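Everything on this sheet refers to the single structure shown next.
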Amino acid sequence: MCGIVGYIGNLDSKEILLKGLEKLEYRGYDSAGIAVMNDNGVQVFKEKGRIADLRSIVDEDVMANTGIGHTRWATHGVPSTVNAHPHQSNSGRFTLVHNGVIENYDILKREYLQGVALQSDTDTEIIVQLIDLFVSEGLSTEEAFRKTLTLLKGSYAIALLDAENNETIFVAKNKSPLLVGLGETFNVVASDAMAMLQVTDQYVELMDKEIVIVTKDAVQIQTLNGEAISRDPYTAELDASDIEKGTYPHYMLKEIDEQPLVMRKIIQKYQNDQDELTIDQEIVDAMNDADRIYIIAAGTSYHAGLVGKQFIEKIAKIPVEVHISSEFGYNMPLLSEKPLFIFISQSGETADSRAVLVNIKEMGHKALTITNVPGSTLSREADYTLLLHAGPEIAVASTKAYTAQIAVLSILAEVTAKSRGLELDFNLVQELGIVANAMEVLCDAKEEFEDIARKFLSTTRNAFFIGRGIDFYVGLEGALKLKEISYIQAEGFAGGELKHGTIALIENGTPIIALATQESVNLSIRGNVKEVVARGANPCIISMKGLETEEDSFIIPEVNELLTPLISVIPLQLISYFAALHRECDVDKPRNLAKSVTVE
Ligand code: F6R
């Protein structure tokens, strides 16, 4: 989703801004722009398409020490150069980039901007025109900025330039993520530390309804009412190499391959000196105090939550409900007496999940966030956090975060179970070690998955994933992976559900990817495969060692049955990857998608 960068210092800002925007490309965008400011005023360059398109129109001769930049993922107004940010007020004095959605922009337009000819269809332009209006009525820039912010309803991260003051970037945040980065002779602004890691690893988090006056020598954080706030910076623990592709053609492939390493890192991070798995006692207490757990998540994280429910119910014996965050607000179930909410979010910024978090906190309930990003909004605002330790996930299609989420959920279930005196018939550390080895075997079998993708998916318009029990949940994730990066219409179904309608879609050659990793349902899922084959389907069965038959396309190594999602998903990730490659799709940046979905 939209990304913001800003630089103020002694160097020429153009290249720093463009490089920063390239680092934010992974979030998903459809247009981009920068505005640079020097003694001659502000110059704006913006373009529909990729950062490379923007680069090609930036005037290399312009030198400016101050600038802001933006990648836009369209919400109000189509993707176009006019709607791309930065936006300028009609006088040309103010230039602004914005991430978020201004819900009352139409009301503000009618109330304040009747005579103003707007240039774009965006909600953002209202902000910059309002600031200009209030300045023309006699307010200083800072006063006009504050006044405008108090009128806005919705979410925003904003960076503003005033052509009459080229020593300052005005910044504000509400609900949308934004950080200020600190340097010796410069300061920067970024939606994500990754963007500005090129110049600094020192960042200050901003809270909602704060504004920041950023100059090259100082960063003044204030409340909307002007009270000064002091906050220590933190070191962004990102290794620049973590966010590079290295020799890989795509981030997605790199991230798939990183999964065995991530498993081992998670084991290490959650182990104590006695080699036992451990988590903060207050989280264990919160789990034990709860009479029911509500998992809230979206997309792939929701699919990980479905698997997590199995762990928590089967291992720790606490009832769990799993909800899609965007639906929870409307369809809130009757809550139990002592609920505990678990938010699962790779980015920790998903607006739909955050809306639920705000709501349940207001109701007085406790929340645990499981996230890959320390200091993210969902982490900060929940009572407790468990980190995924998966390293930055850049490809839009989530892979290593999914398996990391499942691994952390298994640890949460195990530690809780032990604290309740429940006997486990397996050693999770050992089992996760076996999983890591099995993952390596699968990552080494890329050619086979490429063949499967070619054989089953190179020309098809649709595909179905089926499974029973925990395999059904993995099938849902497999279908999401395939559709999001290859644009093949793919759906996941419970094997037993096919006969209740979906089987009508089976035609000659329809690919059916069936998972058979669970002994208790092995015969039933194979029965479902026979039913679709009888109607012309082309079956690709992925089974687990010990359950295989001759008709299977791939046999995954044997791991603990409950943990099979950690490895059965890898063939599905790789098959989706190769299917997308065969179709010449943009694997890392699929159309219409954003990595961090920061609007509801
Ligand atoms: C799919 C994918 C999305 C995310 C979803 C939630 O590959 O990445 O479905 O899982 O947008 O994002 P987070 O986990 O950041 O809350």
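The numbers here are math on the coordinates, done by the rules we state, and not lab data. Quick caveat, the model's predicted, so the values are computed rather than measured. Virtual Cβ from ideal backbone geometry, glycine too; neighbours counted across all protein chains shown.
Things to note:
- Fully extending the segment from Leu593 to Val533 would add 18.2 nm, taking 0.36 nm per residue of separation and subtracting the current Cα-Cα distance.
- Projected label distance in nm at Lys545 and Gln119, using a 7 Å step from Cα toward the beta-carbon: 6.4 nm
- Dividing the mean sequence gap of close Cα pairs (under 8 Å, 6+ apart) by how many residues region 1-151 holds gives a relative contact order of 22 percent.
- The chain: projected area of the alpha-carbon convex hull, averaged over directions, in nm²: 28.0 nm²
- Within the chain, the longest run free of exposed loop sites, counting chymotrypsin sites (Phe, Trp or Tyr not before Pro) that sit outside DSSP helix and strand states (H, G, I, E, B) and have at most 16 other Cβ atoms within 10 Å, spans 1-329.
- A DSSP coil position with no more than 15 other Cβ atoms inside 10 Å describes the following trypsin sites (Lys or Arg not before Pro) in region 299-391: Lys317.
- Annotation for region 418-468: trypsin sites (Lys or Arg not before Pro) lying in DSSP loop with at most 16 further Cβ atoms inside 10 Å of their Cβ are Arg420, Arg461.
- Charged side chains reduced to their Cβ positions (Lys and Arg at +1, Asp and Glu at -1) give region 1-117 a dipole of some 260 debye around its Cα centre.
- Rel. contact order, % - alpha carbon contacts under 8 angstrom, at least six apart, region 418-556: 21 percent
- Translational D in µm²/s for region 107-224 (Stokes-Einstein at 4 °C, 1.567 mPa s, Kirkwood Rh from C-alpha pairs): 86 µm²/s
- FRET efficiency, Leu139 to Ala218 (Cβ-Cβ, R0 30 Å, nearest 0.05): 0.85
- Using R0 = 30 Å, the C-beta based FRET efficiency linking Asp208 and Glu15 works out to 0.40.
- For the chain: relative contact order, % (alpha-carbon pairs under 8 angstrom, 6 or more apart): 12 percent
- Summing Cβ point charges (Lys, Arg +1; Asp, Glu -1) relative to the Cα centre of the chain gives a dipole of roughly 1240 debye.
- A dipole drawn for the chain from +1 and -1 charges on Cβ atoms has a positive end, and of Asn560, Asn359, Leu386 the residue lying farthest that way is Asn359.
- Taking the charge dipole of region 17-146 about its Cα centre, with +1 at Lys and Arg Cβ atoms and -1 at Asp and Glu Cβ atoms, the residue from Phe45, Tyr105, Gly28 reaching farthest to the positive side is Gly28.
- Taking a sphere under 14 Å around the Cβ of Lys216 and counting the other residues whose Cβ falls inside, with K and R at +1 and D and E at -1, yields a net charge of -4.
- Rounded to 5, the percent of DSSP beta bridges in the chain classed as antiparallel: 60 percent
- Span-like helix ranges in the chain, DSSP H, alpha carbon extent 27 angstrom or more, Kyte mean at least 1.0: 564-582
- When the C-alpha to C-alpha distance is required to be over 20 Å, the pairs from Lys400/Lys545; Lys19/Lys209; Lys153/Lys173 that qualify are Lys400/Lys545; Lys19/Lys209.
- Taking 7 Å steps out from each Cα toward its Cβ at Asp39 and Glu448 produces label points 6.9 nm apart.
- Length released on extending from Phe426 to Gln198, taking residue separation times 0.36 nm less the Cα-Cα span: 77.6 nm
- Neighbour cut-off at most 13 other Cβ (10 Å), DSSP loop, GluC sites (Glu not before Pro), region 502-540: Glu507
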